[in-house]
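The values are calculated or read from the model by the stated rules, or taken from the named source; none is laboratory data. Since we're looking at a predicted model, the values are computed, not measured. Every residue, glycine among them, receives a Cβ derived from its backbone with ideal geometry; neighbour counts consider all protein chains shown.
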Ligand SMILES: Cc1cc2nc3c(=O)[nH]c(=O)nc-3n(C[C@H](O)[C@H](O)[C@H](O)COP(=O)(O)O)c2cc1C
């Protein structure tokens, strides 16, 4: 029996369930630096570029990255070129990819989500839009909008009104009840939920005992957060009748298998690609082996087995 890796996210059909996590794989840069033809031989089944905001952002004070015992702390602060530059400079190049593009947007205020979604609504290159609700929000004293179910719902409904594209809402785990935020997003018109973004954390310099990151604290990713992410996928997929994209610490094909079993329809790889840029190319074959030795013939059969 040869297991099928095909999966779908609403109208998006994917050759296999492995995609990249926003902000962790810049295909344009990687194609330029590595001498690999990443555009025609792209390892992920869909491409999620880095989150863009309405206006360009310079991001947080350096240092912005710090490796911890079992994960990576980052405080990039959503540094990005702004959505208009993204549309003009990046989208035409990204359109050369043979996989669906899932544009990621964030807003400093709820209304920004509507404005960004509107700017992408007419772009045929974009198959789906992911709303990153972990951006520091001016209306919430810099806390992420995704900490608040009502504001999340407001942002989603503004984006929903602006576009008929498949709308994914990517949630922050830094809340008491992630299911409540997912339900608010679903009620406001989300088509799919993505979990999780990074977990709040900090690190001290071992000698000076001062915070290492320029921004004092940041977001933790990588293996340390896998159990947190797996639980979020399990809880959200059971509570909602929407497809879920799972991510957080996924490093091996076994991790992918577990996220699918927990209820994900697709799984994103972030931090693990930094350590091993070729990982994504190997994972589909390894996943198929793990399915076949268990007698699992399709992603549909695997999804939700937990
Ligand atoms: C350096 C870095 C930059 C990131 N930038 C973004 C971003 O722009 N938008 C976003 O939604 N998530 C961003 N994330 C979060 C990842 O997409 C992902 O949700 C998180 O890292 C958990 O997955 P992982 O443990 O596989 O990295 C970033 C993560 C890292 C490590």
Problem set entry | The lone exception for residue 44 - which of (1) in contact (Cβ under 8 Å) with a residue 40 or more places away in the chain; (2) surrounded by 17 or more Cβ atoms within 10 Å (Cβ to Cβ); (3) away from the ligand (no atom under 16 Å from the Cβ) it fails | (3)
For this session: Out of 63, 43, report the one residue that is farther than 30 Å from residue 262 by Cα and out of contact with any strand residue (DSSP E or B) (no Cβ under 6 Å at 6 or more places or on another chain).
Result: 63
Seminar exercise, completed: Counting only strands (runs of 3 or more DSSP E) wholly inside segment 148-232, the ones holding at least 3 residues that are within 17 Å of the chain's Cα centre (by Cα) are 166-170, 192-195, 217-221
Problem set entry | Residue list for segment 6-41, filter: away from the ligand (no atom under 16 Å from the Cβ) and over 25 Å from residue 167 (Cβ atoms) | 31, 32, 33, 34, 35, 36, 37, 38, 39, 40, 41
Problem set entry | Options 37, 112, 26, 15; residue that is in contact (Cβ under 8 Å) with a residue 24 or more places away in the chain, surrounded by fewer than 16 Cβ atoms within 10 Å (Cβ to Cβ) and over 30 Å from residue 301 (Cβ atoms) | 26
For this session: Evaluate the following for residue 72: is it surrounded by 15 or more Cβ atoms within 10 Å (Cβ to Cβ) and assigned to a loop (DSSP other than H, G, I, E, B)?
Result: no
For this session: Collect the residues in segment 233-254 that are part of a loop (DSSP other than H, G, I, E, B) and near the ligand (Cβ under 10 Å from one of its atoms), keeping them in residue-number order.
Result: 248, 249, 250, 251
Exercise. Which is touching a strand residue (DSSP E or B) at 6+ places or on another chain (Cβ under 6 Å) and crowded, with 24+ Cβ neighbours inside 10 Å, of 245, 299?
Worked result: 245
Exercise. Just one of the numbered conditions (1) farther than 21 Å from residue 20 by Cα; (2) surrounded by 15 or more Cβ atoms within 10 Å (Cβ to Cβ) is not true of residue 228; which one?
Worked result: (1)
Exercise. How about segment 257-306: which of its residues are away from the ligand (no atom under 16 Å from the Cβ), modelled with pLDDT of 95 or more and outside any helix (DSSP H, G or I)?
Worked result: 263, 265, 294, 295, 296, 297, 298, 305, 306
For this session: Output the residue which, of all residues in segment 94-109 that are out of contact with any helix residue (DSSP H, G or I) (no Cβ under 6 Å at 6 or more places or on another chain) and surrounded by fewer than 23 Cβ atoms within 10 Å (Cβ to Cβ), is farthest from residue 120 (Cα to Cα).
Result: 98
Exercise. With respect to residue 267, is the statement that it is under 22 Å from residue 49 (Cβ atoms) and in contact with a strand residue (DSSP E or B) (Cβ under 9 Å, 6 or more places away or on another chain) true?
Worked result: yes
For this session: Test residue 7 against the stated conditions and say whether it is under 15 Å from the mean Cα position of the chain (by Cα) and within 26 Å of residue 223 (Cα to Cα).
Result: no
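Which one is surrounded by the fewest Cβ atoms within 10 Å (Cβ to Cβ) among residues in segment 47-64 that are touching a residue at least 60 places away in the same chain (Cβ under 8 Å) and in contact with a helix residue (DSSP H, G or I) (Cβ under 9 Å, 6 or more places away or on another chain)?
Top of the filtered list is 54.
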